[in-house]
Amino acid sequence: MTGGSSPAPQCADSPEAPGTAAPADPVQPFTFDGTGGAYFRIWIVNTLLSLLTLGIYSAWAKVRRKQFFYRHTRLAGSAFAYLADPVKILKGRLIVFASFFIYSAVQKVFPPAGLAVGLALVLLLPWFVVRSLAFNARYSAWRQIRFQFRGTYRAAAAAYLLWPLLALATLGLLFPYAYYRQRRFLVENWALGTTGFAFHARARDYYRIFGGFLLAPLAAGLAAGAVVWLAPAAALPAVVLAGALTYLYALAYFSVSAGNLLFNASTLDGLRFGAAMKVWPYAGIVFTNTLALVATLGLFHPFARVRAYRYRIDHLVLRGAGGLDAFVAAETAEASALGDELSDFLDFDLGL
Amino acid sequence: MIVLDGDWYDGRTSARIAAVLEMDGGGRLRIRRADTGETLLEAPVLEARVSDRLENTPRTLTFGTGAVFETEANDAVDRLLARTGRRRRARWVHTLETKGRHVLVSAVMVVLIGAALVRYGIPAAAQLLAAVLPGAVYETADRQTLALLDRALLAPSALPPEVRDRVRRHLRPVADDHPDLGLTLLFRRGGRLGPNALALPGGTIVFTDEMVTLAAHDDELLAVMAHEAGHVVHRHAMRRMVQDSLLSFALMALTGDASGAAELFLGLPVLLTELAYSREFERQADRFALDYLSRRQVPAARLADLLERIDQRRRDQVRGQGGGWSGYLSTHPSTPERIQALRSSGP
């Protein structure tokens, strides 16, 4: 049951975690056995019921969607589970909608008060981030051991307010560092039961990724410039094509390299993650997904999502001599859905 | 007796134990280790919390202690539940998701509802919202839009002051006849916009110098002014702003994420839909202008004359530049179509 049939993915460029590392370490691949067709059925029913109930069903839809991806994802033969109660999610959503309504009403009637409320919302942001991560962790489980998120308001405020502000003040020079602090905040406060994750990435790894990310538009700009200079007649199509390809490549480059780094730098009690996604295959998936989405007016969405997710899971492994049977559950209070829904509403992509 | 294979987790550690669950005729469950046969748990089936079925993904029976029996034998779990007589809400969702016929009907309904929302729902909602927005919002929108236009596209007017005064005097009746709209006329050099007129949400109307120069008769400008007043009466600019936000929001909600790939594809349908909305607005403004002109006893042909000249000029330019992109994705209905509509409805 431990995935002996699938070959262990090569993971050449993963930085070795300090101390461990023997080539004979057992490798546990993550696997995903869901199909686009199966997700289409769930997605279309979710969408229809959400439309017919004016959005109320969307809380249940979210649970079904997450259950589909979690239950089809396995490690060492055991599937992940998503256990959140849709009613809690619905309550969180209602509170979020109500507060936004109040906020905009206050702003219309008495703009100075609107400013104060806006400032209060900014100061509340770290709290929402923490609550959201805690909610998501609390209701995610593997082998009935729930995850935990133990971040504090102070640490979240540093990662999501202080460092981004300093990045702005330094004209973006500190932006990769701020991003690094956010990733570190995510991983270091994450735990499976009582066992915490550790993060070994360094800030310079992120500077390298952002450097590469900026290189693509630069190269494309030069290429487009050369075309405009040499063959002005082909200028418009060349610039449009270069723009689209650059966007696609930069997007894939960032997802792949930041995703690989996130996992390769994370350990769980002596077990190391290994992610070995490659930029061009992933860019190919994103590109064909985009074409199919346009051609089907969006109906391809569930297939696209499954394809991209499968690629990520197929290139993820857990390695190390430690057993997977000894994780211990923690006693935790129930988390509220409010933070999670606000993040949903404000559209944070919280990674993990 | 129902027997199913699965795994046992005690809820305290991540150790997995292969196990067998049996239910006897009295609804009593017994879970045993698969290897030694040692009994792990005995409980009435009603004490188990059974997870909802989703395809054939693993299903769990959770007991009071936090211990869990997990199995992939979904049909057997359903039979077990049926035996207890407990009906579950998620059963019909599962039926919807698995029967091909239901999935097909759902898909057709989603497409139809989606199309109806885009065609009628969003414009109607935008109209309602635009009507309840306070005047301050309109003023702010005007100020900001004008500042943006001045920075990006427009330049100060180069028309002689006496021309501007003459045109202003000639167009005053439109503003006077609609005092509630707060129409304000401004002149700017259009540059890349060429001969054009713009109506901002709060009643600010901008004429480009090129438009004034191209007009052969001041009544042509009066017709244009009436057309722009039509946009203001129907709150077109504000409705467009609200529609755009609603449309993007609806598409985001539908696809459930705003990842890069989605953004890339959302752009096209949003653009095409906006163009369709915008052509509808032009027709509405034309009708408003015709009504007004006939009341002022100005020939409706004045608007058509000017449009024809703009169209002619644009075609000359296009031929000169050798690029036909702008005409294809137009915000206005095709000009010949509009001209014909105007001419046929004239007195």
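Every number here is computed from the coordinates shown, using simple stated rules; none is lab data. Treat the numbers as computed from the prediction; the structure is a model and nothing was measured. Cβ placement follows ideal geometry from the backbone for every residue including glycine, while neighbour counts extend to all protein chains displayed.
Can you tell me the relative contact order of chain B? Whole percent, Cα pairs under 8 Å, sequence separation 6 or more.
The normalised contact order for chain B reaches 11 percent.
What FRET efficiency comes out for A:LEU171 versus A:LEU241 if R0 is 25 angstrom and r is the Cβ-Cβ distance? Round to the nearest 0.05.
0.20
Need the full-extension length gain, B:HIS178 to B:ASN56, defined as separation in residues times 0.36 nm minus the C-alpha distance. One decimal, nm.
Numbers: separation 122, 0.36 × 122 = 43.92 nm, distance 6.62 nm.
My answer for the length gained is 37.3 nm.
For a quick check: with amide H placed at 1.01 Å from N, whose amide H comes under 5 Å from B:LEU186's, ignoring anything fewer than 5 positions away on the same chain?
B:ILE205, B:VAL206, B:PHE207
To the nearest 0.05, what FRET efficiency results for B:GLU337 and B:THR95 with a Förster distance of 35 Å applied to their C-beta separation?
Rounded to the nearest 0.05, the efficiency is 0.10.
Measure nothing fancy, just the Cα-based angle from helix B:301-321's long axis to the longest principal axis of chain B, in degrees from 0 to 90, nearest 10.
70
Counting other beta carbons within 10 Å of each residue's own, what order do B:THR335, A:THR267, B:THR36 fall into, fewest first?
Values: B:THR335 18, A:THR267 21, B:THR36 8.
Fewest to most other Cβ atoms nearby, the residues stand as B:THR36, B:THR335, A:THR267.
Just subtract the alpha-carbon distance of A:THR296 and A:PHE101 from 0.36 nm times their residue separation and send over the number in nm, one decimal. Could the numbers behind the result be given before it?
Details: separation 195, 0.36 × 195 = 70.20 nm, distance 3.48 nm.
Full extension of this stretch gives 66.7 nm more.
Treat each spin label as a single point 7 Å out from the Cα along the C-beta direction, and report the A:ASP269 to B:ASP75 distance in nm.
3.9
Set the Förster radius R0 to 35 Å, insert the Cβ-Cβ distance between B:GLU280 and B:ARG151 as r into 1/(1 + (r/R0)^6), and round the FRET efficiency to 0.05.
The pair B:GLU280/B:ARG151 has a calculated efficiency of 0.75.
About the Cα centre of region B:2-90, what is the dipole size in debye to 20, counting +1 per Lys and Arg Cβ and -1 per Asp and Glu Cβ, all else neutral?
Numbers: 15 positive and 15 negative charges, 91 e Å.
Magnitude of the dipole: close to 440 debye.
Taking every pair of alpha-carbon atoms in region B:172-243, what share in percent sits in each 5 Å bin, from 0 to the bin with the longest distance?
Pair shares across the bins are 4, 17, 27, 25, 17, 8, 2, 0.
In peptide B:102-114, how many Cβ atoms from other protein chains are near each Cβ within 10 Å, on average? The partial results should precede the final answer.
On the way: counts 4, 7, 1, 2, 8, 8, 2, 5, 11, 4, 0, 4, 5.
That works out to 5 on average.
Describe numerically, in nm with one decimal, the distance between label points set 7 Å from Cα along Cα→Cβ at B:ILE2 and at A:ASP314.
3.6
Which order do the peptides B:231-244, B:18-31 take when ranked by the mean count of other beta-carbon atoms within 10 Å per residue, highest first?
Ranking, from highest mean packing down: B:231-244, B:18-31.
Could you check the spin-label model distance between B:THR65 and B:GLN144? Points 7 Å from the Cα along Cα→Cβ, value in nm.
If labels sit at B:THR65 and B:GLN144, their model points lie 6.1 nm apart.
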